[in-house]
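Enquirer: Supplied in structure tokens, the structure appears directly below.
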Amino acid sequence: MSEASVLSVDGLETVFHTAAGIVRAVRGVSFDVRRGEKLGIVGESGSGKSAMALSILGLIEPPGEVVAGSVKLNGRELAGRPDRELRAVRGKEISLVYQDPMSALDPVKTVGAQLVETIRRHDRSVSRGAARRAAVELLRDVEVPQPERRLDDYPHQYSGGMRQRVMIASALANRPDLVIADEPTTALDVTTQAQVLELLDRLVSERGAAIVLITHNLGIVAEFCDTVRVMYAGRLVEGSDTRTLFRAPAHPYADALLRAVPRPDRLERGPLPAIEGAPPNLAQLPPGCAFEPRCPLGAGRPECIGEPPAIRTFDGGRSAECHFAEEQLARSEVAS
Ligand SMILES: Nc1ncnc2c1ncn2[C@@H]1O[C@H](COP(=O)(O)OP(=O)(O)OP(=O)(O)O)[C@@H](O)[C@H]1O
Ligand code: SF4
Ligand SMILES: [Mg+2]
């Protein structure tokens, strides 16, 4: 873990015990997030993005289970710590903007009561009155109109966009060092998406926090993130600074995604493009590379069928988990 890392994840593995077998949702994920970094994580539906986020925060519940790995936040190990300790860290040092805000907000408590609780959970010396005033300021910060009045509304009285803002307000309430935002804009129209991203950007930069932004949307990554990691079948298969990856991907899956975007030079916001074939069943993974059946470069190659690829690293700190990453990179460089 480098000095500047706020988060360091190493060998994280999470499974779900299901009737169909053991679903290996997160399979040995390792990455660091530096202070102030804006990291984007992209990958198809079911690739393990939310499971990874929940695992980092110690929020995986049965039938799920984190079976291996280390999660260091500001140098301190979180994996395996009792929930009581993790509750003290969550919201204060690291927080999560949930994929579904309704699942994170309590429908029978007003938005104000929930924000006050969040603020006071980590600092009992803050009076209710002061916490309420801070909650109004937070709602104002996230541009909820008439915050004094809206504080006493229940979550269902807010629109989807407003609920998402409340989630962001709540995640930022105690000035965490790291915010993980899981698809914070998916349910929103394009204008609201832009406002939410702007807001996240402003709040994160003002408060000097780092952000991990999970999204299906390559346009959002191109616009918002300094660095990007591509997730496939429970693994981070490519990692790079954003511009480098978009110019010349080193992993065939990242290449396929970018090729499927109609105008790669002008990445517009939109859902992750569909590529041919289906993702593998995470309960029955093949012995070799999980992308092999869909891979334009490796399908049928004995190395790809027989052995899971190791991570290869390249100049500038980029990495790709592919037997033929150099070949892919050479092709990408020619095409760029
Ligand atoms: N509670 C659960 N019980 C059983 N399996 C689960 C559970 N939660 C997730 N999984 C499985 O774990 C895998 C990863 O799911 P996850 O929700 O992390 O994907 P994701 O990348 O976040 O997808 P999306 O983009 O649709 O949000 C999937 O195969 C999913 O079916
Ligand atoms: S290891 Fe082989 S199958 Fe997997 S991505 Fe690389 S070339 Fe494709
Ligand atoms: Mg998800």
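Bear in mind that the values in this text are calculations on the coordinates, not laboratory data. Remember, predicted model here, so these are calculated numbers, not experimental data. Ideal geometry is used to build each Cβ from the backbone, glycine not excepted, and the neighbour counts take in all protein chains shown.
Enquirer: Taking the Cβ-Cβ separation of residue 268 and residue 206 as r and a Förster radius of 22 Å, what is the calculated FRET efficiency to the nearest 0.05?
Expert: E(calc), rounded to 0.05, equals 0.20.
Enquirer: Determine, from the Cβ-Cβ distance of residue 299 and residue 336 and an R0 of 25 Å, the FRET efficiency 1/(1 + (r/R0)^6), rounded to the nearest 0.05.
Expert: Efficiency at R0 = 25 Å is approximately 0.60.
Enquirer: Now a separate question. Just to be sure I understand: of the beta bridges DSSP finds with both ends in the chain, what percent are antiparallel, rounded to 5?
Expert: Restricted to the chain, the bridges split so that about 65 percent are antiparallel.
Enquirer: If you don't mind, another one. What is the distance in Å between the Cα centres of region 248-262 and region 312-336?
Expert: With region 248-262 and region 312-336 each reduced to a Cα centre, they are spaced 12 Å.
Enquirer: Restricting things to alpha carbons, find the Rg to Rh ratio for the chain using the Kirkwood radius for Rh.
Expert: Rounded to two decimals, Rg/Rh equals 0.98.
Enquirer: What GluC sites (Glu not before Pro) in region 1-58 are in a loop by DSSP, with at most 12 other Cβ atoms within 10 Å of the Cβ?
Expert: Those satisfying the criteria are 3.
Enquirer: Round to a whole angstrom and tell me the spacing of the C-alpha centers of region 1-61 and region 128-151.
Expert: Cα centres, region 1-61 to region 128-151: 33 Å.
Enquirer: To continue, here is another question. By per-residue mean of other Cβ atoms within 10 Å, what is the highest-first order of 290-300, 209-219, 159-169?
Expert: The packing order, highest mean first, is 209-219, 159-169, 290-300.
Enquirer: Still on this model: How about residue 38: which lysines have a C-alpha closer than 28 Å to its C-alpha, ignoring those fewer than 8 places off in the same chain?
Expert: Once the sequence-local lysines are set aside, what remains near residue 38 is 49, 72, 92.
Enquirer: Using amide H atoms built in the peptide plane, which far-off residues or other-chain residues are under 5 Å from residue 67 H to H?
Expert: Here the answer is 13, 14, 15, since their amide H atoms fall under 5 Å of that of residue 67.
Enquirer: Here is a further query. Using alpha-carbon pairs under 8 Å, 6+ residues apart, how would you state the relative contact order of region 1-144 in percent?
Expert: It comes to 21 percent, rounded to a whole number.
Enquirer: So, one more: Out of residues 5 or more away from residue 97 or on other chains, whose amide H comes under 5 Å of its own, with H placed 1.01 Å from N in the peptide plane?
Expert: 180, 181, 182
Enquirer: Can you give me the long-range amide H partners of residue 229? Hydrogens built in the peptide plane at 1.01 Å from N, cutoff under 5 Å, separation of 5 or more residues or another chain.
Expert: 40, 41, 42
Enquirer: A further question on this structure: Give the shape of region 23-115 as rounded, prolate or oblate, defined through the alpha-carbon gyration tensor: a ≥ b ≥ c are the square roots of its eigenvalues, a/c under 1.5 means rounded, and otherwise the shape is prolate if a/b is larger than b/c and oblate if not.
Expert: rounded
Enquirer: Still on this structure, I have one more. At 222 nm, what value in deg cm²/dmol follows for the chain if DSSP H runs of at least 4 each add -39500 (n - 2.57) and the sum is divided by all its residues, to the nearest 500?
Expert: So the helix-based figure for the chain works out to -9500 deg cm²/dmol.
Enquirer: Hey, another quick one. How do 242-250, 277-285 rank on mean C-beta neighbours within 10 Å, highest first?
Expert: In descending order of packing, they fall as 242-250, 277-285.
Enquirer: State whether region 135-194 is rounded, prolate or oblate according to the following rule on the C-alpha gyration tensor (a ≥ b ≥ c being the square roots of its eigenvalues): a/c under 1.5 gives rounded; otherwise a/b larger than b/c gives prolate, and the remaining case gives oblate.
Expert: Cα axes put region 135-194 in the oblate bin.
Enquirer: Grab the beta carbon distance between residue 154 and residue 226, set R0 = 56 Å, and tell me the FRET efficiency rounded to 0.05.
Expert: Between residue 154 and residue 226 the formula returns 0.90.
Enquirer: Taking θ = phi - 60°, what integer Hz values does the Karplus form 6.51 cos²θ - 1.76 cosθ + 1.60 yield along region 209-217, in sequence order, with x for Gly and Pro?
Expert: So the Karplus estimates, Gly and Pro as x, are 7, 9, 9, 10, 10, 8, 7, 8, 10 Hz.
Enquirer: What ³J(HN,Hα) values, in whole Hz, does the Karplus curve 6.51 cos²θ - 1.76 cosθ + 1.60 give for region 220-225 when θ = phi - 60°, with x put for Gly and Pro?
Expert: So the Karplus estimates, Gly and Pro as x, are 5, 4, 4, 7, 9, 9 Hz.
Enquirer: For region 103-218, what does the alpha-carbon gyration tensor say about shape, rounded, prolate or oblate, given a ≥ b ≥ c as the root eigenvalues, a/c under 1.5 as rounded, and a/b over b/c as prolate?
Expert: Note, shape of region 103-218 comes out oblate.
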